[in-house]
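What follows is a single structure, written as structure tokens, with notes after it.
Please treat every number below as a calculation from the coordinates, not as lab data. For clarity, every value in this text was computed on a predicted model and none was experimentally measured. Glycine gets a Cβ as well: all are built from the backbone with ideal geometry, and neighbour counts include every protein chain shown.
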Protein chains: 2
Amino acid sequence: MDAIGRINFTLEEALAGVLADCPPKLAAALRYSVFPGGARLRPKLCLAVAWACGEDEPRVVDGAAAAIELLHCASLVHDDLPCFDNADERRGKPSVHKVYGEQLAVLSGDALIVLAFEALAKGAARAPHRLAALSTIVSRATGAAGGICAGQAWECEPEVDVSRYHRAKTGALFSAATMAGAAACSVTYEPWRALGELVGEAYQVADDIRDVVCNAESLGKPVGVDEALMRPSACRELGLQGAIDKLNNLVERAVDSIPQCPRVQELRGLVRQEALRFLPEELAQAAA
Amino acid sequence: MDAIGRINFTLEEALAGVLADCPPKLAAALRYSVFPGGARLRPKLCLAVAWACGEDEPRVVDGAAAAIELLHCASLVHDDLPCFDNADERRGKPSVHKVYGEQLAVLSGDALIVLAFEALAKGAARAPHRLAALSTIVSRATGAAGGICAGQAWECEPEVDVSRYHRAKTGALFSAATMAGAAACSVTYEPWRALGELVGEAYQVADDIRDVVCNAESLGKPVGVDEALMRPSACRELGLQGAIDKLNNLVERAVDSIPQCPRVQELRGLVRQEALRFLPEELAQAAA
């Protein structure tokens with residue numbers, strides 16, 4: 001099974017565990033929030049790091065990867081709510097609150113956060129002493145202290161430090177992905193933070209670029225949102241070419257940051273290859 | 001330190017751990033969501049069960065009790081949102097979204113859910129093999145499969161089984177409190193479910209009674225809400241006296257359900273005594 005297949009299988013399993021005793025509309029909204037899904041970048045990164053570290057307990061890794069993707073899905077559902085972005089579309093289809101209403105969108109996000117921690121605990125059954133580190137990594141990445149919630153909450157402040165904002169809103173879950181990949185293999189995880197942070201920052205710059213150069217169809221969500229909402233954006237700061245240069249620089253720094261591990265060379269290649277996919281196709285070809 | 005003091009101390013500690021790197025408005029909203037707090041019934045129940053089981057690792061118990069209260073606070077903040085109850089008041093003061101706006105209310109609820117799992121992991125540091133059970137108990141109690149999210153989502157369905165609705169919306173977190181109290185002491189936790197379920201059901205009946213007989217000032221939130229929203233209510237089904245009889249019956253069944261443990265007699269007395277406090281003072285005196 002390829003990485004995406006493995007991730008989707010674990011997500012299906014996690015959802016199946018709750019859908020039996022779940023109110024029908026919430027069940028439908030949960031499934032809609034998680035499938036068919038986007039690029040699954042964060043769990044793929046988690047699996048890649050675990051593979052590079054020589055994973056000995058695949059179920060623990062699966063639980064970590066699923067938890068990270070579930071938290072990502074939760075954040076998208078809540079970000080799209082009328083009180084935030086009020087987005088009509090996500091991943092090329094109507095957003096959750098557009099289809100199921102605001103109540104079920106709030107509840108879906110909440111339930112996905114909870115399900116993430118349940119998946120983590122279930123996955124760690126074969127190596128329970130690894131759970132505390134995983135749970136701490138994942139909660140720090142999503143909570144009020146520099147996690148996704150903090151990132152989103154910076155949008156409510158009159159003054160924002162752009163890099164702090166991106167680090168919390170996007171970088172935190174990417175670094176959780178790399179650290180959890182290591183921690184799931186009982187490898188010291190702190191040295192893996194930089195890889196996630198740099199890949200996350202590269203992804204954010206690529207997202208700013210896509211927001212400027214793509215059309216809504218290829219993006220699967222409305223374009224020009226950053227500009228319209230006056231959000232911090234690499235393109236506004238550096239111009240398009242400046243943003244592309246920054247992206248390439250970040251990817252190289254990410255590759256250089258990879259700690260020693262059994263498959264360090266393979267992981268370096270994988271990171272470079274995957275990072276190219278962040279960009280719209282025509283720009284990726286130019287960059288390759 | 002009494003139980004409330006111990007609970008508030010642990011909650012302060014959990015919050016202090018995140019507020020340092022948290023956007024100022026979110027930090028304020030989080031503190032406002034958790035303090036001064038209500039009766040702290042659920043964490044008190046958790047501490048009482050752990051005490052009855054002869055707690056050997058108080059920090060693990062503290063983490064569990066804090067997690068349960070944080071999840072309760074999260075559910076109140078989200079329940080009060082405009083898309084649900086649109087409540088102006090909670091615990092005798094303006095609701096979180098009234099003071100901080102809808103965005104920060106959504107984010108506070110999210111961040112409190114995450115913080116609950118972080119507190120659980122932190123508390124379990126001295127007995128990490130107890131974390132998986134605790135994490136599973138707590139996530140099942142709050143998630144889409146029979147947890148708080150399911151309970152709230154039943155309100156979005158055209159047909160509701162009243163007892164299933166209450167079991168999910170209220171009972172689940174009470175039974176998590178008793179089961180987590182046992183699991184935090186490494187005691188087999190499933191036999192403790194009934195106590196929590198029955199206390200939770202008693203509390204729900206008492207809540208229905210208070211919604212009918214209290215004024216808004218003593219309740220700290222608007223009255224008559226169940227009636228206005230056509231929610232299932234024991235008073236509407238059974239009348240006031242019928243509801244009081246049901247409450248007394250539930251408390252006795254709860255007391256009888258307590259499994260063997262080092263302080264079973266003391267816990268029986270405590271459950272009876274605390275249950276009386278569920279009622280408005282004049283009714284409690286009549287029932288005593």
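Label points 7 Å out from Cα along the Cβ direction at residue B:89 and residue B:39: separation in nm?
1.8 nm
Can you compute the FRET efficiency between residue A:245 and residue B:125 using 1/(1 + (r/R0)^6), with r the Cβ-Cβ distance and R0 = 35 Å? Round to the nearest 0.05.
0.20
Neighbouring Cβ atoms within 10 Å as the yardstick, rank A:278, A:35, B:117, B:174 fewest first.
A:35, A:278, B:174, B:117
Quick one: dipole size for the range B:3-287, taken about the Cα centre, charges +1 on Lys/Arg Cβ and -1 on Asp/Glu Cβ, in debye to the nearest 20.
680 debye
Treat each spin label as a single point 7 Å out from the Cα along the C-beta direction, and report the residue B:1 to residue A:268 distance in nm.
5.1 nm
What does the convex hull of the alpha-carbon atoms of the range B:29-69 project to on average, in nm²?
Mean shadow area of the hull around the Cα atoms is 2.9 nm².
For residue B:59, place a label point 7 Å out from Cα along the Cα→Cβ vector, do the same in each other copy, and report the separations in nm, one decimal, smallest first.
Output for residue B:59: 2.9 nm, nearest copy listed first.
Can you put A:78, A:72 in order of Cβ neighbours within 10 angstrom, beginning with the fewest?
Ascending number of Cβ neighbours within 10 Å: A:72, A:78.
Based on the alpha-carbon set only, what is the convex hull volume of the protein assembly as shown divided per residue, in Å³?
So the per-residue Cα hull volume is 134 Å³.
As a quick test, which of the pairs A:169/B:122; A:25/B:169; A:169/B:93; A:169/A:246 have an alpha carbon distance above 25 angstrom in this structure?
Checking Cα-Cα distances, A:169/B:93 exceed 25 Å.
Mind listing the label-point distances from residue A:285 to the same position on all other copies, shortest first, one decimal in nm, points 7 Å along Cα→Cβ?
8.5
Residue A:100: net charge of surrounding residues, Cβ under 14 Å, Lys/Arg +1, Asp/Glu -1, itself excluded?
-1
Say R0 is 25 Å: what FRET efficiency, to the nearest 0.05, do residue A:20 and residue B:237 get from their beta-carbon distance?
0.35
What gaps in nm, shortest first, separate residue A:28 from its twins in the other copies when you place the label 7 Å past Cα toward the beta carbon?
Values, ascending and in nm: 4.1.
Averaged over B:179-192, how many beta carbons belonging to a partner chain fall within 10 Å of each residue's beta carbon?
0
Evaluate 2.2 N^0.38 Å with N set to the residue count of the range B:3-287, then give the Cα radius of gyration divided by it.
0.96
Tell me the mean residue ellipticity at 222 nm calculated for chain A from its helices only (DSSP H runs of n ≥ 4, each -39500 (n - 2.57), averaged over every residue, nearest 500).
Rounded to the nearest 500, it is -21500 deg cm²/dmol.
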